[in-house]
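Trainee: Provided herewith is a single structure, encoded as structure tokens, for subsequent inquiry.
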């Protein structure tokens, strides 16, 4: 028999239930960058924000009037309103008993109507949220006929514009809400996720007379079962917030949300120069130009196609920025020593881009060149890479030039990447070269003496 422990999320939800204008929200973010998202929330919503971090998610309470601020955050992917949090004591062997407990709990979502009303207002859904059974019976047959007619229509969408379900704000005033329920589980249970989704979906339909639609839904309800904790979430964003800025995609285009988090790790200051020396499609420099307009942005790459793709993506925004694009070799940058404030880049991974055998050679060259041009003592580097072995070798070779401030493990589309935050030491590049030359001379002398 398990002992009930009140979780941080339950405490947050209990506090929100005491005020009709306060809601608990769940924001998703790339795993490993959760605290960066928390920092942005504190900066842009409330500096004394009390947040709870989970893997790839952050939870906190927010006033209804602050929801527009949440939807403008740059570090997060999706926004959910927490409709219910509760502890269920599951039996390790009795599946039927466990499912009955899920059914019983679905009859007692005390805060759900409050959260549904907030969802309707935030998403600007104009339709009927609480239809009568008669209205449902009248609408469902027409809905299914119309859906069947539209089934074979092919809608061509640009890559990067895919949405989940449909936009609630486009519904008609007399329409009845369409919805679906999905379930995610963590831990060992006697039931599967689809069974929980079916049970909760059926119970909600009995209570609210909504139309079930697994593809063209207006509301997605997510039931998250974390061991013995059950969380009910109402999805606010029908499209991930990372889908912005980029119109022309390349083989390794970085998500805009990841780009923002990398830049924020460098803590840019007004007037500083930010450079992405391997810009690819331009995700990092575009995000920097938009979010840090008081900085000057430079971007470059050695590939013609990458430069052209970045230029097209900048032009597609139809705005002017303090930025420039230059084709160069990152091992030979056209800058004076100690002249640049910040470098932020997504390095060749060796999986999707580049070869690991090349990385072991090039990473060291790149870091030495970045050390030459970045400002002594105050210059910062933020490097994202999958190839930890190559970057470790490069960091060992340049350990006198950089102080490693932070290392974050980041999940990049299923790949275990790492983000390194480096700060330049006060050792001049000439002093570093002299030390290297002296070591080389000494090694040659020792080798000759041995012969």
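The values are calculated or read from the model by the stated rules, or taken from the named source; none is laboratory data. The model shown is predicted, which means the values in this text are computed figures rather than measured ones. With ideal geometry, Cβ positions are generated from the backbone for all residues, glycine too; neighbour counts draw on all protein chains shown.
Trainee: Within segment 314-338, restricting attention to residues that are out of contact with any helix residue (DSSP H, G or I) (no Cβ under 6 Å at 6 or more places or on another chain) and touching a residue at least 40 places away in the same chain (Cβ under 8 Å), which residue is surrounded by the fewest Cβ atoms within 10 Å (Cβ to Cβ)?
Mentor: Applying the first criterion (out of contact with any helix residue (DSSP H, G or I) (no Cβ under 6 Å at 6 or more places or on another chain)) to segment 314-338 yields 314-320, 322, 324, 326, 328-329, 332, 334, 336, 338.
Still in the running and touching a residue at least 40 places away in the same chain (Cβ under 8 Å): 316-317, 328, 338.
On the way: 316: 13, 317: 15, 328: 16, 338: 17.
Here the answer is 316.
Trainee: Here is a follow-up. Looking at residue 20, is it touching a residue at least 12 places away in the same chain (Cβ under 8 Å), surrounded by 21 or more Cβ atoms within 10 Å (Cβ to Cβ), touching a helix residue (DSSP H, G or I) at 6+ places or on another chain (Cβ under 7 Å) and on the phi < 0 side of the Ramachandran plot?
Mentor: It is false that residue 20 is touching a residue at least 12 places away in the same chain (Cβ under 8 Å), surrounded by 21 or more Cβ atoms within 10 Å (Cβ to Cβ), touching a helix residue (DSSP H, G or I) at 6+ places or on another chain (Cβ under 7 Å) and on the phi < 0 side of the Ramachandran plot.
Trainee: Taking residue 405, is it exposed (fewer than 14 other Cβ atoms within 10 Å of the Cβ), at pLDDT 95 or above and under 24 Å from residue 258 (Cα atoms)?
Mentor: On the way: exposed (fewer than 14 other Cβ atoms within 10 Å of the Cβ): yes; at pLDDT 95 or above: yes; under 24 Å from residue 258 (Cα atoms): yes.
Spelling it out, residue 405 is indeed exposed (fewer than 14 other Cβ atoms within 10 Å of the Cβ), at pLDDT 95 or above and under 24 Å from residue 258 (Cα atoms).
Trainee: Okay, moving on. Could you tell me which residue of segment 30-42 is surrounded by the fewest Cβ atoms within 10 Å (Cβ to Cβ), considering only residues that are touching a residue at least 12 places away in the same chain (Cβ under 8 Å) and assigned to a helix (DSSP H, G or I)?
Mentor: Filtering segment 30-42 down to residues touching a residue at least 12 places away in the same chain (Cβ under 8 Å) leaves 30-41.
Adding the requirement that they be assigned to a helix (DSSP H, G or I) leaves 34-41.
Numbers: 34: 23, 35: 14, 36: 24, 37: 26, 38: 19, 39: 17, 40: 20, 41: 24.
The selected residue is 35.
Trainee: Within the group 318, 329, which residue is within 27 Å of the chain's Cα centre (by Cα) and in the same structural domain as residue 414 (by TED's automatic domain parsing)?
Mentor: 318
Trainee: In the set 265, 233, which member is in contact (Cβ under 8 Å) with a residue 60 or more places away in the chain, crowded, with 19+ Cβ neighbours inside 10 Å and within 25 Å of residue 118 (Cα to Cα)? Please lay out each step first, then the result.
Mentor: Details: 265 fails: within 25 Å of residue 118 (Cα to Cα).
Testing whether each residue is in contact (Cβ under 8 Å) with a residue 60 or more places away in the chain, crowded, with 19+ Cβ neighbours inside 10 Å and within 25 Å of residue 118 (Cα to Cα) leaves just 233.
Here is a yes/no grid of residues against (1) surrounded by 19 or more Cβ atoms within 10 Å (Cβ to Cβ); (2) in contact with a helix residue (DSSP H, G or I) (Cβ under 9 Å, 6 or more places away or on another chain); (3) in contact (Cβ under 8 Å) with a residue 40 or more places away in the chain; (4) part of a helix (DSSP H, G or I):
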site: 93; (1), (2), (3), (4): no, no, yes, no
site: 97; (1), (2), (3), (4): no, no, no, yes
site: 101; (1), (2), (3), (4): no, no, no, yes
site: 113; (1), (2), (3), (4): no, no, no, yes
site: 116; (1), (2), (3), (4): yes, yes, yes, yes
site: 126; (1), (2), (3), (4): no, yes, yes, no
site: 131; (1), (2), (3), (4): yes, yes, yes, no
site: 134; (1), (2), (3), (4): no, no, no, yes
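Trainee: Take the residues in segment 52-73 that are surrounded by fewer than 16 Cβ atoms within 10 Å (Cβ to Cβ) and assigned to a strand (DSSP E or B); name whichever of them is modelled with the highest pLDDT.
Mentor: Once the filter is applied, the top-ranked residue is 63.
Trainee: Hey, another quick one. Looking at 246, 231, 273, 290, which is the one that is more than 30 Å from residue 421 (Cα to Cα) and either outside the structural domain of residue 385 (by TED's automatic domain parsing) or out of contact with any helix residue (DSSP H, G or I) (no Cβ under 8 Å at 6 or more places or on another chain) (or both)? Explain how you work it out, then say what you get.
Mentor: Numbers: 246 fails: more than 30 Å from residue 421 (Cα to Cα); 273 fails: more than 30 Å from residue 421 (Cα to Cα); 290 fails: more than 30 Å from residue 421 (Cα to Cα).
Answer to the check: 231.
Trainee: I need the full set of residues from segment 408-423 which are closer than 9 Å to residue 384 by Cβ, touching a strand residue (DSSP E or B) at 6+ places or on another chain (Cβ under 7 Å) and crowded, with 22+ Cβ neighbours inside 10 Å, in order please.
Mentor: 417, 419, 420 - these are the residues of segment 408-423 that are closer than 9 Å to residue 384 by Cβ, touching a strand residue (DSSP E or B) at 6+ places or on another chain (Cβ under 7 Å) and crowded, with 22+ Cβ neighbours inside 10 Å.
Trainee: Mind checking which residues of segment 408-426 are within 21 Å of residue 377 (Cβ to Cβ) and either at pLDDT below 95 or part of a strand (DSSP E or B) (or both)? Break it down into steps so the answer makes sense when it comes.
Mentor: Applying the first criterion (within 21 Å of residue 377 (Cβ to Cβ)) to segment 408-426 yields 420-426.
Of everything in segment 408-426, those that are within 21 Å of residue 377 (Cβ to Cβ) and either at pLDDT below 95 or part of a strand (DSSP E or B) (or both) turn out to be 420, 421, 422, 423, 424.
Trainee: Going by the conditions given, is residue 76 at pLDDT 95 or above and assigned to a loop (DSSP other than H, G, I, E, B)?
Mentor: yes
Trainee: Go through segment 167-197 and give me each residue that's surrounded by 14 or more Cβ atoms within 10 Å (Cβ to Cβ) and either in a helix (DSSP H, G or I) or outside the structural domain of residue 123 (by TED's automatic domain parsing) (or both).
Mentor: 168, 193, 195, 196, 197
Trainee: Please pick out the residue among 49, 27, 12 that is buried (at least 16 other Cβ atoms within 10 Å of the Cβ), in contact with a strand residue (DSSP E or B) (Cβ under 9 Å, 6 or more places away or on another chain) and part of a loop (DSSP other than H, G, I, E, B). Step through it out loud before you land on a result.
Mentor: On the way: 27 fails: part of a loop (DSSP other than H, G, I, E, B); 12 fails: part of a loop (DSSP other than H, G, I, E, B).
When all the criteria are applied, what remains is 49.
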